[in-house]
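Shown next, in structure tokens, is the structure this report addresses.
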Amino acid sequence: MAQSSLLPAPHAVLFDLGGTVLKETRLEPAALAICLGQRCGLAARERLAEADPFIEELYRTVRRKRKGDLTEVRFRSLLRLICERFELAAALELTPAALELEVWQAVCSMAPLPGVVDLLAGLRDRSIRTAIVSNAMFSGAVLEYELARNGLQQAFEFVIATGDYGIQKPHPAIFEVAAVKLGLPANQIWFIGDNLRNDVEGARQAGMTGLWYNPANRTCELDPPPPMVCRWDEFLTLLP
């Protein structure tokens, strides 16, 4: 772990979301078709019985795309594609935001990682601002819902989801947007996440201090290695 005396004092700390602040406690991709079928009735359920191969191939295509470059895919667009392909008129009567949230509630749930609630309270006591920047196909509104469901929405000034911007971390533009929202120069911001490339390298390239949340104590491949915490109760010891 790096010595706190070597780090610039942060005016704000940006967090990744999944695997950093929240962990998945439930992920059921098959629940997508079930959710849409329940909303759209018997005839739609019969059509959706044949949809699984289509949806699985769609997911595979999206995963390849997201890994292949920094373009982000918007989940609302995928939902529209599925609904129009299988003539799910009742689902399309909802607003895109309402449909996206309904599907999220059916498919996924998350919970805070151990120690993160106390850490956020400690940062608040020190008047250090906090926000979220997440590589997520879902909208920021959905991530805010999940944070609120876990009692954490008020802990963060804002949530940036790359699904709202069309480009993923580690592209510097996403970090630059966060700095603008904070009204701070990059060198006054720390960014911490569990992905070395997306979070640590991306933050460094944008001029921020990148820190690695590494609960599995994996070997670091970066040179120089970043400041690292394996447990959230270690984080405050890094503050100057």
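The set of residues from segment 78-105 being modelled with pLDDT under 95 and small (Gly, Ala, Ser) comprises Ala89, Ala90, Ala91. Hey, can you tell me all the residues within segment 219-232 that are at pLDDT below 95 and of a type in the set (D, E, K, R)? Correct list: Glu221, Asp223.
Can you go through Phe15, Phe54 and tell me which one is of a type in the set (Phe, Trp, Tyr) and more than 29 Å from Ala173 (Cα to Cα)? Talk me through it step by step, then tell me what you get.
On the way: Phe15 fails: more than 29 Å from Ala173 (Cα to Cα).
Only one candidate passes the filter, namely Phe54.
If you go through segment 58-75 one residue at a time, how many are of a type in the set (Lys, Arg) and crowded, with 19+ Cβ neighbours inside 10 Å?
Kept after step one, since they are of a type in the set (Lys, Arg), are these residues of segment 58-75: 60, 63-67, 74.
Imposing the further condition that a residue be crowded, with 19+ Cβ neighbours inside 10 Å reduces the set to 74.
Residues flagged as of a type in the set (Lys, Arg) and crowded, with 19+ Cβ neighbours inside 10 Å within segment 58-75 amount to 1.
Kindly indicate whether any position in segment 142-155 is aliphatic (A, V, I, L, M) and within 17 Å of Phe191 (Cβ to Cβ). Checked against the condition, which is being aliphatic (A, V, I, L, M) and within 17 Å of Phe191 (Cβ to Cβ), segment 142-155 yields at least one hit. Considered as a group, the residues in segment 32-57 that are within 18 Å of Leu94 (Cα to Cα) and touching a residue at least 24 places away in the same chain (Cβ under 8 Å) include one that is surrounded by the most Cβ atoms within 10 Å (Cβ to Cβ), and that residue is Leu36.
Every condition in (1) under 20 Å from Leu119 (Cβ atoms); (2) surrounded by fewer than 17 Cβ atoms within 10 Å (Cβ to Cβ); (3) under 15 Å from the mean Cα position of the chain (by Cα) is met by Ala178 except one, and the failing one is (2). Could you tell me whether any residue of segment 8-17 is of a type in the set (Phe, Trp, Tyr), touching a helix residue (DSSP H, G or I) at 6+ places or on another chain (Cβ under 8 Å) and either in the same structural domain as Phe158 (by TED's automatic domain parsing) or surrounded by 15 or more Cβ atoms within 10 Å (Cβ to Cβ) (or both)? No - not one qualifying residue is present in segment 8-17. Taking every residue in segment 183-207 that is in contact (Cβ under 8 Å) with a residue 60 or more places away in the chain and closer than 14 Å to His171 by Cα and pairing it with any residue that is assigned to a loop (DSSP other than H, G, I, E, B) and basic (Lys, Arg), at least 6 positions away or on another chain, the pairs with Cβ-Cβ distances below 6 Å are Asn198/Lys169. Do we have Gly207 as at positive phi and modelled with pLDDT of 95 or more here? The answer is yes for Gly207.
One line per residue, one yes/no per condition, for (1) crowded, with 20+ Cβ neighbours inside 10 Å; (2) at pLDDT 95 or above; (3) not assigned by TED's automatic domain parsing to the domain that holds Cys230:
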{"position": "Ser127", "(1), (2), (3)": "no, yes, no"}
{"position": "Gln154", "(1), (2), (3)": "no, no, no"}
{"position": "Val159", "(1), (2), (3)": "yes, yes, no"}
{"position": "Gly163", "(1), (2), (3)": "yes, yes, no"}
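Residue-level check: of (1) of a type outside the set (A, V, I, L, M, F, W, C); (2) touching a residue at least 60 places away in the same chain (Cβ under 8 Å); (3) more than 21 Å from Arg66 (Cβ to Cβ); (4) assigned by TED's automatic domain parsing to the domain that holds Pro10, Glu102 misses just (4).
Look through Arg74, Arg85 and report the one residue that is over 17 Å from the mean Cα position of the chain (by Cα) and basic (Lys, Arg). Steps first, answer last, please.
Details: Arg74 fails: over 17 Å from the mean Cα position of the chain (by Cα).
Going through Arg74, Arg85 in turn, just one is over 17 Å from the mean Cα position of the chain (by Cα) and basic (Lys, Arg): Arg85.
The values are calculated or read from the model by the stated rules, or taken from the named source; none is laboratory data. Quick caveat: nothing in here was measured; it's all calculated off a predicted structure. Cβ: placed from backbone, ideal geometry, glycine included. Neighbour counts: every protein chain shown.
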